[in-house]
Amino acid sequence: MAKVSFLEERCKGCGLCIAFCPKNCLALAGHLNTQGYHPATLVDEGSCISCAICARMCPDVVIEVEKEARR
Amino acid sequence: MTETVKVYSRPKTLIDRPWHFCPGCHHGIAHRLCAEVIEEMGLQENTVGVGSVGCGVFSYEYFNFDGIGPSHGRAPAVATGVKRVLPDRLVFTYQGDGDLAAIGTTEMVHAAVRGEKITIVFINNTLYGMTGGQLAPTTLMGQVTTTSPYGREAKQAGYPMRVCEMISTLEGAAYVARVALFNPAQVAKAKKSIRRAFETQMQGIGFSMVEILSACPTNWGMAPLEACKHVENNLTSVYPLGEFKVPEGVK
Ligand SMILES: Cc1ncc(C[n+]2csc(CCOP(=O)(O)OP(=O)(O)O)c2C)c(N)n1
Ligand code: SF4
Ligand code: SF4
Ligand code: SF4
(Lines give C-alpha, C1' and ligand atoms only; values in the text may rest on other atoms or scores of the structure.)
(Ligands and ions follow the chains in the order given, each with its own letter.)
Protein backbone atom coordinates (compact mmCIF):
# COMPACT_ATOMS: atom_id res chain seq x y z
CA MET A 1 0.00 0.00 0.00
CA ALA A 2 1.12 3.57 -0.70
CA LYS A 3 2.14 5.80 2.22
CA VAL A 4 -0.86 8.06 1.60
CA SER A 5 -4.24 6.68 0.59
CA PHE A 6 -7.40 8.53 -0.36
CA LEU A 7 -11.10 7.73 -0.12
CA GLU A 8 -11.30 9.16 -3.59
CA GLU A 9 -15.09 9.38 -3.75
CA ARG A 10 -15.13 11.59 -0.61
CA CYS A 11 -12.60 14.09 -2.00
CA LYS A 12 -13.97 17.51 -2.95
CA GLY A 13 -10.83 18.73 -4.69
CA CYS A 14 -10.40 21.64 -2.27
CA GLY A 15 -6.60 21.47 -2.61
CA LEU A 16 -5.75 22.16 1.06
CA CYS A 17 -3.75 18.92 1.37
CA ILE A 18 -1.80 19.85 -1.77
CA ALA A 19 -1.11 23.43 -0.63
CA PHE A 20 0.23 22.41 2.80
CA CYS A 21 2.24 19.28 1.88
CA PRO A 22 5.81 20.27 2.82
CA LYS A 23 7.29 17.99 0.13
CA ASN A 24 4.96 18.87 -2.77
CA CYS A 25 4.01 15.24 -3.30
CA LEU A 26 0.31 15.74 -4.02
CA ALA A 27 -1.71 17.01 -7.00
CA LEU A 28 -5.25 16.95 -8.32
CA ALA A 29 -5.84 14.07 -10.72
CA GLY A 30 -6.93 14.72 -14.29
CA HIS A 31 -10.05 12.58 -13.95
CA LEU A 32 -13.26 13.35 -12.04
CA ASN A 33 -14.81 11.34 -9.20
CA THR A 34 -18.55 10.63 -9.18
CA GLN A 35 -19.18 13.83 -7.17
CA GLY A 36 -17.64 15.74 -10.09
CA TYR A 37 -14.43 16.81 -8.39
CA HIS A 38 -10.83 16.26 -9.48
CA PRO A 39 -9.59 14.15 -6.54
CA ALA A 40 -6.24 14.69 -4.83
CA THR A 41 -3.64 12.01 -5.45
CA LEU A 42 -0.06 11.14 -4.47
CA VAL A 43 2.21 11.91 -7.41
CA ASP A 44 5.64 11.68 -5.74
CA GLU A 45 5.66 8.90 -3.18
CA GLY A 46 9.48 8.91 -3.06
CA SER A 47 9.53 12.40 -1.49
CA CYS A 48 6.69 11.72 0.98
CA ILE A 49 7.85 11.71 4.62
CA SER A 50 4.55 10.37 6.06
CA CYS A 51 4.13 13.53 8.16
CA ALA A 52 0.30 13.36 7.82
CA ILE A 53 -0.02 17.14 7.44
CA CYS A 54 -2.23 16.46 4.42
CA ALA A 55 -4.60 14.32 6.51
CA ARG A 56 -4.71 16.91 9.30
CA MET A 57 -5.69 19.70 6.88
CA CYS A 58 -8.31 17.67 4.99
CA PRO A 59 -11.84 18.91 5.82
CA ASP A 60 -13.45 15.69 4.59
CA VAL A 61 -11.37 12.96 6.31
CA VAL A 62 -10.34 11.57 2.93
CA ILE A 63 -6.72 10.72 3.77
CA GLU A 64 -4.98 7.95 5.70
CA VAL A 65 -1.21 7.90 6.16
CA GLU A 66 1.17 5.05 6.87
CA LYS A 67 4.91 4.76 7.25
CA GLU A 68 7.52 2.04 7.14
CA ALA A 69 9.17 1.62 10.53
CA ARG A 70 12.07 -0.58 11.56
CA ARG A 71 11.11 -3.38 13.90
CA MET B 1 12.89 -5.83 9.00
CA THR B 2 10.36 -3.06 8.51
CA GLU B 3 6.67 -2.95 9.28
CA THR B 4 3.88 -0.63 8.19
CA VAL B 5 2.57 1.66 10.92
CA LYS B 6 -0.54 3.88 10.69
CA VAL B 7 0.34 7.55 11.15
CA TYR B 8 -3.16 8.91 10.60
CA SER B 9 -6.50 7.17 10.24
CA ARG B 10 -10.13 8.17 10.66
CA PRO B 11 -11.12 8.43 14.35
CA LYS B 12 -13.71 5.87 15.50
CA THR B 13 -15.67 8.77 16.97
CA LEU B 14 -16.73 9.74 13.43
CA ILE B 15 -19.35 7.72 11.56
CA ASP B 16 -17.96 6.52 8.23
CA ARG B 17 -20.04 8.57 5.81
CA PRO B 18 -19.62 11.55 3.48
CA TRP B 19 -20.25 15.09 4.78
CA HIS B 20 -22.44 17.78 3.21
CA PHE B 21 -19.97 20.64 3.77
CA CYS B 22 -18.76 22.66 0.78
CA PRO B 23 -15.21 22.02 -0.53
CA GLY B 24 -12.60 23.50 1.83
CA CYS B 25 -15.12 24.34 4.60
CA HIS B 26 -13.44 24.46 8.02
CA HIS B 27 -16.49 22.90 9.70
CA GLY B 28 -15.04 19.58 8.53
CA ILE B 29 -11.69 20.18 10.25
CA ALA B 30 -13.45 21.37 13.41
CA HIS B 31 -15.69 18.26 13.50
CA ARG B 32 -12.68 16.02 13.05
CA LEU B 33 -10.70 17.73 15.85
CA CYS B 34 -13.58 17.35 18.33
CA ALA B 35 -13.86 13.67 17.38
CA GLU B 36 -10.09 13.08 17.66
CA VAL B 37 -9.90 14.63 21.13
CA ILE B 38 -12.88 12.60 22.39
CA GLU B 39 -11.28 9.42 21.05
CA GLU B 40 -7.91 10.27 22.62
CA MET B 41 -9.55 11.02 25.98
CA GLY B 42 -11.38 7.67 25.82
CA LEU B 43 -14.77 9.39 26.14
CA GLN B 44 -16.66 7.97 23.14
CA GLU B 45 -19.14 6.12 25.37
CA ASN B 46 -19.38 9.02 27.79
CA THR B 47 -20.08 12.05 25.58
CA VAL B 48 -23.23 13.93 24.62
CA GLY B 49 -22.85 16.39 21.74
CA VAL B 50 -25.44 19.14 21.42
CA GLY B 51 -25.68 20.51 17.89
CA SER B 52 -27.11 23.73 16.52
CA VAL B 53 -28.94 25.15 13.53
CA GLY B 54 -26.61 26.19 10.74
CA CYS B 55 -24.12 24.31 8.60
CA GLY B 56 -23.19 22.28 11.70
CA VAL B 57 -26.78 21.02 11.95
CA PHE B 58 -25.99 17.40 11.05
CA SER B 59 -23.33 16.93 13.74
CA TYR B 60 -25.36 14.14 15.37
CA GLU B 61 -25.31 12.30 12.02
CA TYR B 62 -21.52 12.59 11.81
CA PHE B 63 -20.28 12.11 15.39
CA ASN B 64 -20.21 8.51 16.56
CA PHE B 65 -21.45 9.24 20.09
CA ASP B 66 -24.72 10.44 21.59
CA GLY B 67 -26.08 13.68 20.16
CA ILE B 68 -29.04 16.03 20.37
CA GLY B 69 -30.34 18.54 17.82
CA PRO B 70 -31.70 21.54 19.76
CA SER B 71 -33.68 24.47 18.41
CA HIS B 72 -31.80 27.47 17.05
CA GLY B 73 -29.44 29.02 19.61
CA ARG B 74 -30.66 26.98 22.57
CA ALA B 75 -27.81 24.46 22.69
CA PRO B 76 -26.25 25.80 25.94
CA ALA B 77 -29.63 25.51 27.71
CA VAL B 78 -30.09 21.93 26.45
CA ALA B 79 -26.49 21.10 27.41
CA THR B 80 -27.10 22.55 30.89
CA GLY B 81 -30.01 20.15 31.39
CA VAL B 82 -28.06 17.14 30.14
CA LYS B 83 -25.00 17.95 32.26
CA ARG B 84 -27.00 18.51 35.44
CA VAL B 85 -28.75 15.16 35.04
CA LEU B 86 -25.64 13.29 33.87
CA PRO B 87 -22.74 15.13 35.55
CA ASP B 88 -20.16 12.45 34.66
CA ARG B 89 -20.65 12.96 30.89
CA LEU B 90 -18.63 15.21 28.60
CA VAL B 91 -21.31 17.59 27.30
CA PHE B 92 -20.41 20.07 24.58
CA THR B 93 -22.27 22.28 22.13
CA TYR B 94 -21.18 22.95 18.56
CA GLN B 95 -22.55 26.30 17.37
CA GLY B 96 -22.06 28.81 14.57
CA ASP B 97 -21.88 32.57 15.08
CA GLY B 98 -25.47 33.10 13.93
CA ASP B 99 -26.68 30.42 16.30
CA LEU B 100 -24.49 31.46 19.25
CA ALA B 101 -23.91 35.20 18.88
CA ALA B 102 -27.29 36.27 17.43
CA ILE B 103 -30.41 34.22 18.24
CA GLY B 104 -28.70 32.27 21.05
CA THR B 105 -26.82 35.08 22.83
CA THR B 106 -28.86 34.80 26.03
CA GLU B 107 -28.37 31.05 26.46
CA MET B 108 -24.63 31.28 25.75
CA VAL B 109 -23.98 34.21 28.09
CA HIS B 110 -26.01 32.81 30.99
CA ALA B 111 -24.48 29.34 30.74
CA ALA B 112 -21.14 31.09 31.31
CA VAL B 113 -22.58 33.36 34.03
CA ARG B 114 -23.82 30.28 35.91
CA GLY B 115 -20.49 28.55 35.38
CA GLU B 116 -22.15 25.49 33.88
CA LYS B 117 -19.65 22.67 33.50
CA ILE B 118 -20.20 22.41 29.75
CA THR B 119 -18.00 23.25 26.76
CA ILE B 120 -19.02 25.42 23.82
CA VAL B 121 -17.23 24.93 20.51
CA PHE B 122 -18.03 28.13 18.66
CA ILE B 123 -17.50 28.33 14.89
CA ASN B 124 -17.00 31.97 13.87
CA ASN B 125 -17.12 32.31 10.09
CA THR B 126 -18.37 35.94 10.22
CA LEU B 127 -21.77 35.24 8.67
CA TYR B 128 -24.80 32.94 8.47
CA GLY B 129 -23.47 30.21 6.19
CA MET B 130 -26.38 27.84 5.85
CA THR B 131 -28.98 30.42 4.85
CA GLY B 132 -26.90 32.05 2.13
CA GLY B 133 -24.40 34.37 3.79
CA GLN B 134 -26.31 37.02 5.76
CA LEU B 135 -24.65 39.50 8.16
CA ALA B 136 -23.97 38.19 11.67
CA PRO B 137 -22.94 40.16 14.78
CA THR B 138 -19.40 38.89 14.00
CA THR B 139 -19.31 40.23 10.42
CA LEU B 140 -16.23 42.42 9.81
CA MET B 141 -16.57 46.16 9.18
CA GLY B 142 -16.99 46.71 5.44
CA GLN B 143 -17.68 43.02 4.79
CA VAL B 144 -20.14 42.47 1.96
CA THR B 145 -22.87 39.95 2.81
CA THR B 146 -26.30 39.33 1.28
CA THR B 147 -27.82 41.67 3.89
CA SER B 148 -24.99 44.24 3.78
CA PRO B 149 -24.51 44.59 0.03
CA TYR B 150 -22.46 47.79 0.45
CA GLY B 151 -20.38 46.34 3.27
CA ARG B 152 -21.06 46.42 7.03
CA GLU B 153 -21.51 50.00 8.19
CA ALA B 154 -21.56 51.03 11.88
CA LYS B 155 -24.54 53.36 11.52
CA GLN B 156 -26.69 50.48 10.28
CA ALA B 157 -25.24 47.36 11.93
CA GLY B 158 -22.82 48.41 14.66
CA TYR B 159 -19.49 46.72 15.26
CA PRO B 160 -18.07 43.15 15.41
CA MET B 161 -18.93 41.17 18.56
CA ARG B 162 -15.88 39.74 20.34
CA VAL B 163 -17.38 36.81 22.20
CA CYS B 164 -14.23 35.49 23.93
CA GLU B 165 -13.33 38.92 25.27
CA MET B 166 -16.86 39.37 26.67
CA ILE B 167 -17.12 35.89 28.17
CA SER B 168 -13.69 36.02 29.80
CA THR B 169 -14.90 38.85 32.07
CA LEU B 170 -17.24 36.36 33.80
CA GLU B 171 -16.07 34.49 36.92
CA GLY B 172 -18.05 31.41 35.81
CA ALA B 173 -15.96 31.04 32.66
CA ALA B 174 -12.87 28.94 33.44
CA TYR B 175 -11.27 28.26 30.05
CA VAL B 176 -11.71 30.64 27.11
CA ALA B 177 -9.63 30.51 23.93
CA ARG B 178 -9.75 31.64 20.31
CA VAL B 179 -8.04 29.50 17.70
CA ALA B 180 -7.98 29.15 13.90
CA LEU B 181 -7.48 26.47 11.26
CA PHE B 182 -5.71 28.31 8.42
CA ASN B 183 -2.54 26.19 8.44
CA PRO B 184 -1.26 22.95 10.02
CA ALA B 185 0.31 24.70 13.04
CA GLN B 186 -2.97 26.45 13.81
CA VAL B 187 -4.87 23.17 13.48
CA ALA B 188 -2.53 21.59 16.05
CA LYS B 189 -3.05 24.52 18.46
CA ALA B 190 -6.81 24.35 17.97
CA LYS B 191 -6.79 20.69 18.89
CA LYS B 192 -4.81 21.43 22.05
CA SER B 193 -7.36 24.10 23.04
CA ILE B 194 -10.30 21.75 22.51
CA ARG B 195 -8.49 19.23 24.71
CA ARG B 196 -7.95 21.85 27.44
CA ALA B 197 -11.58 22.93 27.28
CA PHE B 198 -12.77 19.33 27.66
CA GLU B 199 -10.27 18.74 30.49
CA THR B 200 -11.59 21.86 32.25
CA GLN B 201 -15.06 20.36 32.14
CA MET B 202 -14.10 16.81 33.12
CA GLN B 203 -12.08 18.09 36.09
CA GLY B 204 -15.25 19.88 37.24
CA ILE B 205 -13.59 23.30 37.12
CA GLY B 206 -16.24 25.26 35.22
CA PHE B 207 -17.50 26.58 31.91
CA SER B 208 -15.24 26.39 28.86
CA MET B 209 -15.37 27.84 25.37
CA VAL B 210 -13.22 27.50 22.26
CA GLU B 211 -13.94 29.97 19.47
CA ILE B 212 -12.67 28.73 16.11
CA LEU B 213 -12.13 31.28 13.33
CA SER B 214 -13.43 29.26 10.43
CA ALA B 215 -13.45 29.68 6.66
CA CYS B 216 -16.69 29.69 4.65
CA PRO B 217 -15.24 29.67 1.12
CA THR B 218 -18.69 29.52 -0.49
CA ASN B 219 -20.24 32.61 1.07
CA TRP B 220 -16.95 34.51 1.08
CA GLY B 221 -16.68 33.85 -2.67
CA MET B 222 -13.13 32.59 -2.26
CA ALA B 223 -11.19 29.48 -3.21
CA PRO B 224 -10.37 27.32 -0.15
CA LEU B 225 -6.70 28.38 0.13
CA GLU B 226 -7.60 32.05 -0.41
CA ALA B 227 -10.19 31.68 2.39
CA CYS B 228 -7.43 30.38 4.71
CA LYS B 229 -5.35 33.47 3.87
CA HIS B 230 -8.38 35.69 4.56
CA VAL B 231 -8.68 34.22 8.06
CA GLU B 232 -4.97 34.77 8.67
CA ASN B 233 -4.75 38.28 7.21
CA ASN B 234 -8.14 39.82 7.94
CA LEU B 235 -9.88 37.93 10.75
CA THR B 236 -7.08 37.54 13.29
CA SER B 237 -6.53 41.32 13.52
CA VAL B 238 -10.16 41.83 14.59
CA TYR B 239 -10.36 38.55 16.54
CA PRO B 240 -6.92 38.00 18.13
CA LEU B 241 -5.93 34.38 18.70
CA GLY B 242 -4.89 33.05 22.08
CA GLU B 243 -6.01 31.75 25.45
CA PHE B 244 -7.95 34.38 27.40
CA LYS B 245 -8.42 32.26 30.53
CA VAL B 246 -6.73 29.03 31.59
CA PRO B 247 -7.47 27.41 34.97
CA GLU B 248 -4.55 26.14 37.09
CA GLY B 249 -5.43 22.46 36.71
CA VAL B 250 -5.13 22.30 32.91
CA LYS B 251 -1.93 24.28 32.22
C1 LIG C 1 -35.88 30.06 14.81
C2 LIG C 1 -35.12 30.11 13.54
N3 LIG C 1 -34.77 31.30 13.01
C4 LIG C 1 -34.06 31.37 11.87
C5 LIG C 1 -33.68 30.22 11.22
C6 LIG C 1 -32.90 30.31 9.92
N7 LIG C 1 -31.50 29.97 10.09
C8 LIG C 1 -31.04 28.73 9.85
S9 LIG C 1 -29.40 28.59 10.05
C10 LIG C 1 -29.26 30.23 10.47
C11 LIG C 1 -27.95 30.87 10.80
C12 LIG C 1 -26.78 29.95 10.65
O13 LIG C 1 -25.60 30.65 10.78
P14 LIG C 1 -24.45 30.22 11.76
O15 LIG C 1 -24.98 29.88 13.10
O16 LIG C 1 -23.42 31.29 11.70
O17 LIG C 1 -23.90 28.86 11.16
P18 LIG C 1 -23.14 28.56 9.79
O19 LIG C 1 -24.20 28.08 8.86
O20 LIG C 1 -22.46 29.80 9.33
O21 LIG C 1 -22.17 27.48 10.14
C22 LIG C 1 -30.50 30.85 10.44
C23 LIG C 1 -30.72 32.28 10.73
C24 LIG C 1 -34.05 28.99 11.81
N25 LIG C 1 -33.71 27.82 11.25
N26 LIG C 1 -34.77 28.95 12.95
S1 SF4 D 1 2.26 12.65 4.50
FE2 SF4 D 1 3.30 14.67 4.50
S3 SF4 D 1 4.83 14.51 2.87
FE4 SF4 D 1 3.40 12.81 2.54
S5 SF4 D 1 1.87 13.63 1.10
FE6 SF4 D 1 1.07 13.99 3.17
S7 SF4 D 1 1.76 16.09 3.67
FE8 SF4 D 1 3.00 15.37 1.93
S1 SF4 E 1 -7.84 18.22 1.48
FE2 SF4 E 1 -9.16 16.38 1.37
S3 SF4 E 1 -10.96 17.03 0.19
FE4 SF4 E 1 -9.38 18.58 -0.11
S5 SF4 E 1 -8.33 17.96 -2.00
FE6 SF4 E 1 -7.18 17.05 -0.31
S7 SF4 E 1 -8.07 15.02 -0.03
FE8 SF4 E 1 -9.50 16.17 -1.28
S1 SF4 F 1 -21.92 27.49 3.34
FE2 SF4 F 1 -19.95 28.00 4.29
S3 SF4 F 1 -20.06 27.22 6.40
FE4 SF4 F 1 -21.70 26.23 5.20
S5 SF4 F 1 -20.83 24.28 4.46
FE6 SF4 F 1 -20.54 25.81 2.84
S7 SF4 F 1 -18.49 26.67 3.23
FE8 SF4 F 1 -19.14 25.61 5.10
Accessible area per residue in Å² at 1.4 Å probe, computed on chain B: 39
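Tally Lys and Arg at +1 and Asp and Glu at -1 over the other residues with C-beta under 15 Å from the C-beta of B:MET141: what net charge comes out?
Numbers: positive: B:ARG152, B:LYS155, B:ARG162; negative: B:GLU153.
Spelling it out: positives minus negatives among the neighbours equals +2.
Provide the net charge surrounding A:GLY15, with neighbours chosen by a C-beta distance below 14 Å and charges set as Lys +1, Arg +1, Asp -1, Glu -1.
So the surrounding residues net to 0.
Which FRET efficiency value, to the nearest 0.05, is calculated for A:ARG70 and A:VAL43 with the Förster distance at 25 angstrom and r the Cβ-Cβ distance?
0.40
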Within the accessible area of segment A:3-66 (1.4 Å probe), percent carbon and sulfur: 53
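Taking the Cβ of B:GLY98 as the center, what net charge do the other residues with Cβ under 15 Å away carry, scoring Lys and Arg +1 and Asp and Glu -1? List each step's numbers first, then the result.
Details: positive: B:ARG74, B:ARG152; negative: B:ASP97, B:ASP99, B:GLU107, B:GLU211.
Value of the local net charge: -2.
Whenever you get a sec, line up A:HIS31, B:HIS26 from highest to lowest accessible area (probe 1.4 Å, protein heavy atoms). Spell out each step's value before the answer.
Values: A:HIS31 90, B:HIS26 0 Å².
Largest to smallest exposure gives the sequence A:HIS31, B:HIS26.
Under the rule that an exposed site lies in a DSSP loop and has at most 13 other Cβ atoms within 10 Å, name the longest stretch of chain B with no GluC sites (Glu not before Pro) of that kind, not counting the sites themselves. Walk me through the intermediate numbers first.
On the way: sites that count: B:GLU153, B:GLU171.
Longest gap between qualifying sites, sites excluded: B:1-152.
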Inter-part distance where segment B:34-107 and segment A:10-71 are each reduced to a Cα centre, Å: 30
Accessible area of chain B belonging to carbon and sulfur atoms, whole % at 1.4 Å probe: 55
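How big is D, in µm² s⁻¹, for segment B:1-95 by Stokes-Einstein at 25 °C and 0.890 mPa s if Rh is the Kirkwood radius over C-alpha pairs? Spell out each step's value before the answer.
On the way: Rh = 14.2 Å.
Taking Rh from Cα pairs, D becomes 173 µm²/s.
The values are calculated or read from the model by the stated rules, or taken from the named source; none is laboratory data. Small disclaimer: the values here were computed from a predicted structure and weren't measured. FYI the Cβ positions are ideal-geometry reconstructions off the backbone, even for glycines, and counts take in every protein chain you see. Ligands, DNA and RNA are stripped out before the accessible areas are found, and what is left, the full protein with its side chains, is counted by its heavy atoms. Shrake-Rupley method; radii C 1.70, N 1.55, O 1.52, S 1.80 Å.
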